[in-house]
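The values are calculated or read from the model by the stated rules, or taken from the named source; none is laboratory data. Being a predicted model, the structure only gives us computed values, none of them experimental. Cβ coordinates were reconstructed from backbone atoms using ideal geometry, including for glycine residues, and neighbour counts include every protein chain displayed. The area values use the complete protein model at the heavy-atom level, side chains included, leaving out ligands, DNA and RNA. Shrake-Rupley method; radii C 1.70, N 1.55, O 1.52, S 1.80 Å.
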Amino acid sequence: PLNFGASYDVDDILPAMRNGLSYNGTLYAAPFYGESSMVMYRKDLADAAGVTIKDNDSWDNITKAAAAMHKPDAGVYGACLRGKPGWGDNMAFITTMVNSHGGAWFDKEMKPTIDSPQWKAAITAYVNLLGKYGPPGSEGNSFNEILALYNEGKCGMWIDATIAASFLKVPGVAYAQSPNAGNPVGANWLWAWAMAVPTGTKNTEEAKK
């Protein structure tokens with residue numbers, strides 16, 4: 001456990017981050033960065049297309065909004081999403097999408113559930129959204145590639161890490177909580193980079209300092 005003095009305000013850490021790094025109320029890692037995910041979209045394009053994007057919107061409405069903003073002849077694509085294969089690439093997005101549909105990687109007995117109806121619904125929605133309304137070459141796009149596309153004015157919307165907001169340069173960006181297909185606890189990812197001390201270290205006190 002990490003026991004800090006009064007100079008380290010544990011209560012100032014966002015509750016979701018603090019709880020995610022704690023066990024039974026005891027903090028075991030100190031975060032130096034944390035993020036969630038959200039929808040970032042061009043409000044001017046959405047208004048021109050006559051569509052609205054709400055917090056925790058349905059995937060159906062997100063797809064309709066992407067379709068309405070999709071103008072490939074003008075170099076604008078309705079939805080820019082991670083398409084590059086890999087755990088830190090498209091699977092980061094797909095996992096939360098599956099979660100929003102009520103699916104999971106494993107059941108309580110730790111048996112894989114990727115053949116479930118929830119997975120099928122999520123993957124079908126993902127392929128439809130990115131395949132029809134994404135930019136060409138999406139299979140090579142991860143965070144940095146989409147950031148560049150968005151700042152070039154080529155994306156109607158982007159669903160990704162909240163940290164992206166600090167890098168967006170296109171004016172008129174609007175934000176909404178991530179889409180949800182009915183999961184009662186929401187559909188945002190939660191991530192924190194943190195420092196911790198393994199129990200097996202021979203220099204526990206020095207590491208804590």
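A Cβ distance below 8 Å, combined with a sequence gap of six or more or placement on separate chains, defines the contacts here; from region 87-107, residues that are on the phi > 0 side of the Ramachandran plot reach residues that are open to solvent by 40 Å² or more (accessible area, probe 1.4 Å) in the pairs GLY102/GLN118; GLY102/ALA181; GLY102/GLY182. When each of ASN56, ASN3 is tested for being closer than 20 Å to GLU205 by Cα and either in a loop (DSSP other than H, G, I, E, B) or not acidic (Asp, Glu) (or both), the lone residue that passes is ASN3. Looking across region 22-39, the residues that are touching a Ser or Thr at 6+ places or on another chain (Cβ under 9 Å) and aliphatic (A, V, I, L, M) come down to ALA29, MET38, VAL39.
Residue count for region 85-113 under the criterion of being surrounded by fewer than 11 Cβ atoms within 10 Å (Cβ to Cβ) and either among the aliphatic types (A, V, I, L, M) or touching a strand residue (DSSP E or B) at 6+ places or on another chain (Cβ under 7 Å) (or both): the result is 2. Residues considered: THR162, THR201. Of these, the only one that is farther than 17 Å from SER36 by Cβ, open to solvent by 30 Å² or more (accessible area, probe 1.4 Å) and among the hydroxyl-bearing types (Ser, Thr, Tyr) is THR201. Scan region 18-63 for residues that are open to solvent by 40 Å² or more (accessible area, probe 1.4 Å), within 12 Å of ASN180 (Cα to Cα) and not acidic (Asp, Glu) and the total you get is 4.
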